[in-house]
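What follows is calculated from the coordinates using simple rules that are stated; it is not laboratory data. Bear in mind that the values here come from a model prediction, so they are computed numbers and not experimental data. A quick note on method: Cβ atoms are made from the backbone with ideal geometry, for glycine too, and the neighbour counts reach across all protein chains shown.
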Amino acid sequence: MPPTIQGRYFFPLSARFVEAAAAVQDGTFKVTDTTGVPLASLPLPSVRVSSRLGAMRRRLEFPDGASFETTDNDAVDSLMRGSGLLHRLEKSWRLALTSILCVGAATALFVLYGIPASAGWLARHTSQSWARYTEDQTLEALDKVALHPSKLTARQQQHYRRVFAGVAAQAPRGVGGYHLLFRNAPAIGPNAFALPDGSVIMTDQILPLIKRDEEIQGVFAHELSHVDRAHGLQRIYQAALVPAAIAFVTGDASQLGHFASILPGILLQSAYSREFEQQADDDAVQTLRRMGKSPAALADLLERMERKVCGPKECGPNWLGSHPATALRAKRLRQF
């Protein structure tokens, strides 16, 4: 006779119970009352067993809503030992640790490779109307907090629009596919940056640093590459996918999980941005070559901008920064 476990049988979806005994015979879990009348008979793998916690009653749940409760925890452990793969996994700390490591590795691979690939695909298949909407919202927000109407004269703006058109003519979208905007940005300083739909913003603060048109042509070529490669949209998708992936794995992105979802996003954004900047530099080199210009001019302006922002000393590499070190970029540009 197989060993039995004494306990209580609860009828399906009911609080009514009777004293009963349970046993396993030929892979079947059987429950009978005190007189031997069968109450339940089902395959052992279909029985869900609650975890052991001190001397609390163990609950064995059946698919039809019935259950069996007992205080004989040792008997339950003995009864269920070797009863299925899930049980063996729960009992083996080595298998549990291996599972955790596998999940961690899979998550890391998805974050490092899956998210950039997904963001790139989404950016390439985003409609122009949505890209335009994103640009409008971004520009509206920037105009409220960091950007002001340009103080450049009409003649200065006209000159740089002509320079910009010359560079745009070499880009995939042509002259009509991009737009140059002027803004005064004391808080940002000397800079130029691209928005998803094809607009490039040039700040007034960069003007005093430009010594010849070749320098700003390199900047324009660099920014148009960001537009053509949809780098801006990719950053938006990356920022959304990182916390979404963590929330999917953890099941909760709030509280500590929320903080954990933010920091990887910042770190990943900086890593992806460095890759984007190098791509844009390489594209700018090709555009300048087609125009018969030297990439060294862009290097000169980058170094001048860094000295303006950081003083006589280099800003230095910043592992959270969105750009590669200026010295490395300038060296690479001059090598071309």
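Stretching the chain fully between Phe336 and Arg132 yields a gain of 70.0 nm (0.36 nm per residue, less the alpha carbon separation). With both labels modelled 7 Å from their Cα along Cα-to-Cβ, the Tyr113 to Phe11 distance reads 5.8 nm.
How high is the FRET efficiency between Gln158 and Ser99 when r is their beta carbon distance and R₀ equals 56 Å, given to the nearest 0.05?
About 0.30, to the nearest 0.05.
Residues Leu97, Leu152, arranged from fewest to most other Cβ atoms within 10 angstrom of their Cβ, appear as Leu97, Leu152. For Ala21, the shell of other residues with beta-carbons less than 12 Å away shows a net charge of -1, using +1 for Lys and Arg and -1 for Asp and Glu. Modelled spin-label separation between Asp74 and Glu19, with each label point placed 7 Å from Cα along the Cα-to-Cβ direction: 2.2 nm. The ellipsoid equivalent to the alpha-carbon distribution of the stretch 4-86 has semi-axes of 17, 15, 13 angstrom, derived from the gyration tensor eigenvalues as √(5λ) and listed largest first.
Prolate is the label for the stretch 89-163. Its Cα gyration tensor axes, ordered a ≥ b ≥ c, give a/c of at least 1.5 and a/b above b/c. Checked against a 31 Å cut-off, the cross-linked pairs Lys144/Lys293; Lys151/Lys293; Lys144/Lys331 give Cα-Cα distances beyond that limit for Lys144/Lys293; Lys144/Lys331. Amide H to amide H, with H built 1.01 Å from N, Ala40 comes under 5 Å of Val31, counting only residues 5 or more places away or on other chains.
Applying a 10 Å radius around every beta-carbon, put 112-123, 26-37 in order of their mean neighbour count, most first. Could the numbers behind the result be given before it?
Values: 112-123: 16.2, 26-37: 12.8.
The packing order, highest mean first, is 112-123, 26-37.
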